[in-house]
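Worksheet: the structure to be examined is printed underneath.
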Amino acid sequence: MNLLPLFIIILVIAFLTGSDSLFYLAYVLGGIGLLTIVWMQQSLLGVQSRRRFSARAFHGEEITVELDVANRGRWPLLWLRLHESIPLSLHVPNFEHRVVSLAPGEKTTLHYQLNCQRRGYYRLGPLKLETGDLLQLTPDKQVVFGAEPFIVYPRVVPLRKLGLPSQLPFGDLPSRQRIFEDPSRFFGVRDYVPGDSVRQINWKSSARAGQLQVKRFQPAIALHTVILLNLNDEAYSLRGRAAGGEMGIIVAASIAAHLIERRQQVGLALLGCDPVTEYTGLQVISPAHGRDHLMRMLEALARVEMAPTVPLTSVLPQANAGLGWGSTAVVISPASPHLVDSLLQMRRQGFHVMFIATDSQTPFRRLQGELEQIGIPAYWVTHEREMDVWR
């Protein structure tokens with residue numbers, strides 16, 4: 001509705017007729033129009049918004065998002081339309097919508113749930129706020145608040161054992177080099193000597209021997225494990241691409257969590273695409289231990305996506321760079337005859353190698369026989385239930 005033509009017509013008639021009532025009506029319409037223009041120009045200047053939520057979540061969690069919208073301005077908002085965009089994988093429908101009115105200094109809070117059933121890197125928002133005057137004298141005004149990142153970690157399947165033969169250990173290996181003593185490898189007791197830690201005293205043995213006895217442990221050397229995940233979509237079959245890639249991510253996350261829980265040093269090499277950095281190729285996270293390092297690997301696995309890139313065989317030397325003799329490499333990739341020579345070369349270089357195929361449409365059995373002939377265990381994991389061998 002545009003008051004300007006009506007205001008001009010009434011004003012002209014008032015001049016022609018000399019009617020005080022029409023002059024008064026013209027002044028009222030002009031005042032309403034001017035007040036409305038100023039009001040709408042100032043209406044959204046004091047609006048503030050804030051999201052309160054946990055920016056990271058584990059698979060299967062439900063996260064509550066609290067969206068605060070406050071009017072810090074001097075003008076009331078007779079109506080304010082809130083429209084929050086949400087990824088469809090986390091919320092159905094993919095938006096939250098509400099219309100409210102806010103007095104100066106008033107705040108409203110919008111709550112919604114995120115159902116974290118699919119790993120990934122998401123963005124919550126943007127939030128669009130729109131308002132206008134009741135008479136529609138001016139165009140509606142709107143302001144947009146930016147989106148915020150939200151990460152869902154991949155599913156981690158609890159593992160108790162990895163079902164590997166003893167000649168293919170993960171992590172620490174017994175050694176004659178006394179680099180450090182491993183407290184998980186109890187070896188016996190010996191007499192106490194000054195300088196020994198009180199924590200190492202074996203009180204039961206001391207009571208039997210009549211003098212202080214301290215625990216002895218086998219020395220060990222720390223070896224690393226690197227998990228190589230191939231997400232080059234050209235290596236996967238068309239039908240098994242999506243499920244095989246996601247299964248590979250679950251397997252990598254589960255093995256990484258299992259080894260970190262056992263205080264092992266674990267690294268991660270991903271051949272795929274990171275949509276955040278827009279980098280496509282090999283991404284390497286050097287071996288380390290601790291929960292913070294595990295969260296870093298899980299975040300990388302949450303963000304990575306399949307993409308056409310270089311073959312895995314061409315980047316295996318780069319992925320293994322810096323690993324010492326006797327370290328373990330877990331290769332997760334579609335079964336391919338071209339991998340046999342590369343994995344055999346890794347074994348000859350002193351690595352313990354384990355191969356896991358996750359594409360249900362690739363010829364695994366033949367490759368499994370060839371790998372086991374050269375001492376490389378191979379597993380075919382196309383569904384989560386097939387990880388039971390490690391539970």
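Over the chain, what is the relative contact order in percent, taking alpha-carbon pairs closer than 8 angstrom and at least six residues apart?
13
Given the chain, what percent of its DSSP beta bridges are antiparallel, to the nearest 5?
Around 70 percent of the beta bridges assigned by DSSP in the chain are antiparallel ones.
Would you mind pulling out the separation of the Cα centroids of region 249-272 and region 31-101, in Å?
Region 249-272 and region 31-101 have Cα centres spaced 40 Å from each other.
Expressed as an acute angle from 0 to 90° and rounded to the nearest 10, what is the orientation of the C-alpha long axis of helix 339-348 relative to the principal long axis of the chain?
50
Could I have the simple spin-label model distance between Phe58 and Arg118, label points 7 Å from Cα toward Cβ, reported in nm to one decimal?
2.2
Can you figure out the FRET efficiency of Phe23 with Ala103, using R₀ = 51 Å and their beta-carbon distance, to the nearest 0.05?
0.90
About the Cα centre of region 47-152, what is the dipole size in debye to 20, counting +1 per Lys and Arg Cβ and -1 per Asp and Glu Cβ, all else neutral?
Once rounded to the nearest 20, the dipole reads 260 debye.
Could you check the spin-label model distance between Arg296 and His338? Points 7 Å from the Cα along Cα→Cβ, value in nm.
The modelled label-to-label distance comes out at 3.1 nm.
Candidates [x] 1.56; [y] 0.99; [z] 1.44; which is the computed Cα Rg over 2.2 N^0.38 Å?
So the calculated entry is the one marked [x].
Taking square-rooted eigenvalues a ≥ b ≥ c of the alpha carbon gyration tensor, is region 224-390 rounded, prolate or oblate, where a/c under 1.5 means rounded and, failing that, a/b exceeding b/c means prolate?
rounded
How far is it, in nm, from the label point at Glu386 to the one at Val38 when both lie 7 Å from their Cα along the line to the Cβ?
Each label point is offset 7 Å from its Cα along the Cβ direction, giving 7.4 nm.
Just check region 47-152 against the gyration tensor rule for me: Cα atoms, a ≥ b ≥ c as the square roots of the eigenvalues, rounded for a/c under 1.5, and otherwise prolate or oblate depending on whether a/b exceeds b/c.
Prolate, since a/c reaches 1.5 and a/b exceeds b/c.
Laboratory data are not the source of any read-out in this text; all were calculated from the coordinates shown. This is a predicted model, so every value here is computed, not measured. When we count neighbours, we look across all protein chains shown, and the Cβ atoms used for this are built from the backbone with ideal geometry, even at glycine.
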